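Chemist: I am attaching a structure below and will ask some questions about it afterwards.
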Amino acid sequence: MDRGTWTVKSGLAQMLKGGVIMDVVTVEHAKIAEEAGACAVMALERVPADIRAAGGVARMADPAVIVAIMEEVSIPVMAKCRIGHFVEAQVLEALGVDFVDESEVLTPADESHHIWKHDFKVPFVCGCRDLGEALRRIAEGAAMIRTKGEAGTGNIVEAVRHMRAVMDEIRKIQSMTTDELMAEAKALGAPLELVLEVHKTGGLPVVNFAAGGVATPADAALMMQLGAEGVFVGSGIFKASDPEVRARAIVKATTHYRDPEIIAEVSKGLGVGMPGVDIKTIPQEELLAPRGW
Amino acid sequence: MLTGGTRAKKIGVLAQQGDFSEHIALLRRLDVEAFPVRLAKELEGLDGLVIPGGESSTMGKLMKEYDLTEPVRGLAKEGFPILGTCAGMILLAKRVSGLNLEPLGAMDIEVRRNAFGRQVDSFETDLEIPVIGEPPFRGVFIRAPFIERAGDAVEILARLPNGMGVAARQGNMVALAFHPELTNDPRLHAYFLSIVHGGR
């Protein structure tokens with residue numbers, strides 16, 4: 001029996017496709033998320049909107065919080081570690097979490113190096129803003145990618161920008177001739193082998209979700225139609241007035257993302273969504289997406 | 001395979017959530033029409049149905065919300081060919097330990113969910129499966145279930161070395177605890193299609 005193989009790690013991400021991964025900070029949240037049909041939960045001490053408001057250094061959650069959530073739900077439990085903080089990742093692996101998110105939402109521990117994720121049996125998901133960043137993370141061993149968006153804003157604009165950037169670059173590489181790919185790999189700062197694979201298959205070698213700013217069922221379906229294979233919802237659910245109803249609606253809109261009648265139906269009477277933030281009003285140094293490279 | 005005069009078989013793959021596109025891609029290599037099924041009306045005119053891998057609780061809830069549970073139960077009762085992989089096996093079972101909803105109860109098997117532990121315990125291993133012959137099949141087990149008990153009408157198609165049942169057939173239904181759709185090996189899908197075509 002071979003554990004922690006690439007097939008098994010990237011395979012779990014494939015099982016999550018078409019689903020919604022919800023940020024939860026308590027056992028009660030986790031129960032609501034599972035009941036609403038989340039395909040996994042992200043166990044946190046604070047949702048990104050609160051991390052943003054609190055400032056200071058954001059670290060891995062208290063293992064007691066993570067374990068309590070793992071014991072409560074039967075769906076996969078993810079948890080975040082800081083970029084480059086491989087010991088936080090070791091701790092999360094030791095706790096038995098199902099997926100580690102090396103996340104820009106937490107304060108980076110290393111401004112030069114991400115974690116060498118091939119060393120772990122637990123799979124990792126990493127954020128990206130463009131194809132080059134996605135392929136660098138995959139080369140380091142990420143078994144799943146998510147576009148970063150701008151977490152904790154309830155504003156979809158950055159998620160759209162990042163998903164469009166990734167998909168546009170994939171289409172561009174697909175249409176190139178082989179002799180153009182080395183220069184493109186250099187320009188992207190991505191390994192040639194992965195650029196060759198994208199050229200051949202017309203897609204990323206791992207599953208790609210959208211994250212950072214999803215607040216409504218229509219936001220989720222928008223990201224799916226743009227090419228996401230599933231969505232992460234952070235603050236968008238538990239910062240809304242009726243988390244239960246909104247969570248169910250976002251799950252349904254993600255499955256039926258090409259069916260406007262269903263999206264319309266599930267969007268009715270959701271109550272007040274999370275208060276959004278105009279990205280332009282956020283000081284440059286407080287943006288999360290530029291963290292990592 | 002297509003033969004002169006007969007139309008290609010139509011296989012629906014439940015697409016509430018999970019790795020349905022991997023099943024569709026593999027089935028299309030075997031010369032059948034395969035497409036996603038999200039609503040009950042899309043079950044019409046099918047020759048076979050696949051319930052893919054994914055989160056069984058998510059899939060089960062969405063099947064219920066969009067009125068697929070009873071029609072799929074009805075198909076199973078009529079002897080309709082159904083293949084379930086991992087979450088699909090869980091949903092086909094009569095009883096499931098560790099699931100917060102009622103499964104379809106289509107097959108006389110009792111299944112334990114997340115039976116091997118968490119993701120760090122997920123594994124791949126070679127399986128001897130007599131109905132497809134040699135060489136062994138690469139079984140990919142991801143937070144996988146296994147069969148705790150099977151009724152007399154159920155044929156166990158494969159076991160792990162410790163004796164746990166991980167593949168079963170009952171009538172025209174096949175349940176697998178692992179993911180043939182994550183391999184490049186089409187033999188188990190071809191086996192299912194032989195059932196769809198009426199052979200054994």
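The values are calculated or read from the model by the stated rules, or taken from the named source; none is laboratory data. Keep in mind it's a predicted model, so treat the numbers as computed, not measured. Positions of Cβ are generated from backbone atoms using ideal geometry, with glycine treated the same way; all protein chains shown enter the neighbour counts. Surface areas here come from the heavy atoms of the whole protein model, side chains and all, with no ligands, DNA or RNA. Shrake-Rupley method; radii C 1.70, N 1.55, O 1.52, S 1.80 Å.
Chemist: Which number in (1) over 20 Å from B:MET59 (Cα atoms); (2) out of contact with any Phe, Trp or Tyr (no Cβ under 9 Å at 6 or more places or on another chain); (3) open to solvent by 10 Å² or more (accessible area, probe 1.4 Å) marks the one condition that B:ASN114 misses?
Modeler: Answer for B:ASN114: the failing condition is (1).
Chemist: Follow-up. Looking only at residues that are within 19 Å of the chain's Cα centre (by Cα) and assigned to a helix (DSSP H, G or I) in the range A:232-245, which one is farthest from the other protein chains (Cβ to nearest Cβ)?
Modeler: A:SER235
Yes/no matrix, rows are residues, columns are (1) within 14 Å of chain A (Cβ to nearest Cβ); (2) farther than 22 Å from B:GLY54 by Cα:
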| site | (1), (2) |
| --- | --- |
| B:ASN162 | yes, yes |
| B:ALA168 | no, no |
| B:VAL174 | no, no |
| B:ALA177 | yes, no |
| B:GLU181 | yes, no |
| B:ASP185 | yes, no |
| B:ILE195 | no, yes |
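Chemist: Being away from every other protein chain (no Cβ under 14 Å), touching a residue at least 40 places away in the same chain (Cβ under 8 Å) and open to solvent by less than 30 Å² (accessible area, probe 1.4 Å) is the filter; apply it to the range B:92-111 and report the residue that is nearest to B:ILE24 (Cα to Cα).
Modeler: Filtering first and then ranking leaves B:LEU92.
Chemist: Looking at B:GLU33, B:GLU55, which is the one that is more than 10 Å from chain A (Cβ to nearest Cβ), out of contact with any His (no Cβ under 6 Å at 6 or more places or on another chain) and not small (Gly, Ala, Ser)?
Modeler: B:GLU33
Chemist: Enumerate the pairs (first residue in the range A:6-25 and under 16 Å from A:PHE232 (Cβ atoms); second residue anywhere and at pLDDT below 95 and assigned to a loop (DSSP other than H, G, I, E, B)) with beta-carbon separation below 8 Å, excluding pairs fewer than 6 apart on the same chain, so at least 6 apart or on different chains.
Modeler: Listed pairs, sorted by first residue: A:ASP23/A:LEU44; A:ASP23/A:VAL47; A:ASP23/A:GLY234; A:VAL24/A:LEU44; A:VAL25/A:LEU44; A:VAL25/A:GLU45; A:VAL25/A:ARG46; A:VAL25/A:VAL47.
Chemist: Which members of the range A:10-22 meet the condition of being open to solvent by less than 10 Å² (accessible area, probe 1.4 Å) and either more than 7 Å from chain B (Cβ to nearest Cβ) or among the charged types (D, E, K, R) (or both)?
Modeler: A:ALA13, A:LEU16, A:VAL20, A:ILE21, A:MET22
Chemist: Related question: Quick check: is even one residue across the range B:127-136 touching a residue at least 24 places away in the same chain (Cβ under 8 Å), within 13 Å of another protein chain (Cβ to nearest Cβ) and open to solvent by less than 50 Å² (accessible area, probe 1.4 Å)?
Modeler: Scanning the range B:127-136 turns up at least one residue that is touching a residue at least 24 places away in the same chain (Cβ under 8 Å), within 13 Å of another protein chain (Cβ to nearest Cβ) and open to solvent by less than 50 Å² (accessible area, probe 1.4 Å).
Chemist: What number of residues in the range B:149-200 are open to solvent by less than 10 Å² (accessible area, probe 1.4 Å), in a loop (DSSP other than H, G, I, E, B) and not small (Gly, Ala, Ser)?
Modeler: Adding up the residues that qualify gives 3.
Chemist: Can you name every residue in the range A:80-102 that is outside any strand (DSSP E or B), more than 14 Å from chain B (Cβ to nearest Cβ) and touching a strand residue (DSSP E or B) at 6+ places or on another chain (Cβ under 6 Å)?
Modeler: Correct list: A:ILE83, A:GLU88.
Chemist: If you check A:ALA228, A:ALA253, which single one turns out to be at pLDDT 95 or above and either part of a helix (DSSP H, G or I) or not hydrophobic (A, V, I, L, M, F, W, C) (or both)?
Modeler: Exactly one of A:ALA228, A:ALA253 is at pLDDT 95 or above and either part of a helix (DSSP H, G or I) or not hydrophobic (A, V, I, L, M, F, W, C) (or both), namely A:ALA253.
Chemist: Could you list, ordered by first residue, the pairs with Cβ atoms under 8 Å in which the first is in the range B:26-39 and closer than 23 Å to A:GLY19 by Cβ and the second is modelled with pLDDT under 95 and open to solvent by less than 50 Å² (accessible area, probe 1.4 Å), at least 6 apart or interchain?
Modeler: Listed by first residue and then by second, the contacts come to nothing, as the list is empty.
Chemist: Right, something else. Scanning the range A:36-79 for residues that are assigned to a strand (DSSP E or B) and either of a type in the set (Gly, Ala, Ser) or open to solvent by 40 Å² or more (accessible area, probe 1.4 Å) (or both), which turns out nearest to the other protein chains (Cβ to nearest Cβ)?
Modeler: Out of the qualifying residues, it is A:ALA40.
Chemist: A follow-up question, please. For the range A:200-221, which residues satisfy the criterion of being out of contact with any helix residue (DSSP H, G or I) (no Cβ under 7 Å at 6 or more places or on another chain) and more than 17 Å from A:ASP130 (Cα to Cα)?
Modeler: A:LYS200, A:THR201, A:THR216, A:ASP219
Chemist: State whether the residues of the range A:264-280 include one that is touching a His at 6+ places or on another chain (Cβ under 6 Å), in a helix (DSSP H, G or I) and of a type in the set (A, V, I, L, M, F, W, C).
Modeler: No, the conditions are met nowhere in the range A:264-280.
Chemist: Oh, and also: Which numbered condition in (1) within 13 Å of chain A (Cβ to nearest Cβ); (2) at pLDDT 95 or above; (3) more than 15 Å from A:VAL8 (Cβ to Cβ) is the only one that B:GLY139 fails?
Modeler: For B:GLY139, the exception is condition (3).
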